Amino acid sequence: MAGELPEYYYRIRENGAAVFRVDTENRQRRIEMEQIAVINLNKGEFKPHGDRELSGADKKEISGWIIRRKALLAMRDIDDIHRAVDHLNLTTQWAQSRATDDQLEEVTDDLLLAMHDLRTVLVRKKADRMLKK
C-alpha cells in the first residue's frame, strides 16, 4: 500500500487547500503528513507553511494542482447550472400538475422574484454579447 500513496495530499478548504507531503518511509512504517504549503485559489497563489522552503518539484506540483482544481471547479459550476435548468423544468411540471394551492402560495413570490432577477441578468448579458459582435 505504501507504494500506492501519492507524494502530496491536498486538504480542501473554503477557497483553497492545505498541502501536505506524504511520508511512509520512516521506522514505524506509519503514514505521516507534514504540511508544506497553503493555497489560495481565489488569488491563484500559494505560500510555504511556516518557515519551510518549497523545492522546485513542490512548486511545480502545487501549480499543476491549482490548474487542475480550477478546471474541475469550473466544470462543476456549469454542471450545477445544467442541473438548475432541469430543476426549473421539474418545478414547472410540479406547479402545473401536482402542487396544491397552499404550496403554490408558499413559493410563488419567491420563485417569481428569483426568475425575474435571473431573466434580467441573462437578457443584459446577452445584449452585451450581441453588441460586442
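Prolate is the label for the chain, because the ratio a/c of its alpha-carbon gyration tensor axes (a ≥ b ≥ c) is 1.5 or higher and a/b is greater than b/c. With unit charges on the beta carbons (Lys and Arg positive, Asp and Glu negative) and the dipole taken about the Cα centre of the chain, which residue among Ala57, Ile81, Ala127 sits farthest to the positive side? Positive-most Cα among the choices belongs to Ala57. If the segment from Ile31 to Ala57 were pulled out straight at 0.36 nm per residue, it would be longer than the present Cα-Cα gap by 7.3 nm. Shown in residue order for region 66-80 are the 3J(HN,Hα) couplings computed by the Karplus curve 6.51 cos²θ - 1.76 cosθ + 1.60 at θ = phi - 60°: 4, 4, 5, 5, 4, 5, 5, 5, 5, 5, 5, 4, 5, 5, 4 Hz (x for Gly and Pro).
For region 45-57, 3J(HN,Hα) computed residue by residue from phi via the Karplus equation (6.51, -1.76, 1.60; θ = phi - 60°) reads 9, 9, 9, x, 7, x, 9, 6, 10, 8, 6, x, 5 Hz, glycine and proline entered as x. Calculated FRET efficiency, Val121 to Ala99, Cβ-Cβ distance, R0 = 22 Å: about 0.25 to the nearest 0.05.
Evaluated over the chain, the count of Lys pairs having alpha-carbon atoms less than 20 Å apart is 9 (only pairs 8 or more residues apart or interchain). In the chain, a dipole from Cβ-located charges (positive for Lys and Arg, negative for Asp and Glu) runs towards its positive end, and of His116, Phe46, Leu90 it is Phe46 whose Cα lies farthest in that direction. Take every pair of alpha-carbon atoms less than 8 Å apart whose residues are at least six positions apart; their mean separation over the length of region 17-84 yields a relative contact order of 21 percent. Where only DSSP H runs of four or more residues are counted, the chain gives -20500 deg cm²/dmol as its mean residue ellipticity at 222 nm, each run worth -39500 (n - 2.57). Would you mind classifying region 1-59 by shape? Square roots of the alpha carbon gyration tensor eigenvalues, ordered a ≥ b ≥ c; an a/c under 1.5 is rounded, otherwise it is prolate if a/b is larger than b/c and oblate if not. Prolate. Of the GluC sites (Glu not before Pro) found in region 45-133, those that fall in a DSSP loop while having at most 14 other beta-carbon atoms within 10 Å are Glu53.
None of the figures in this text is laboratory data; all of them are computed from the coordinates on show. These numbers come from a predicted model, not from an experiment. Heads up, the Cβs are rebuilt from the backbone with ideal geometry, glycines too, and the neighbour counts pull from every protein chain shown.
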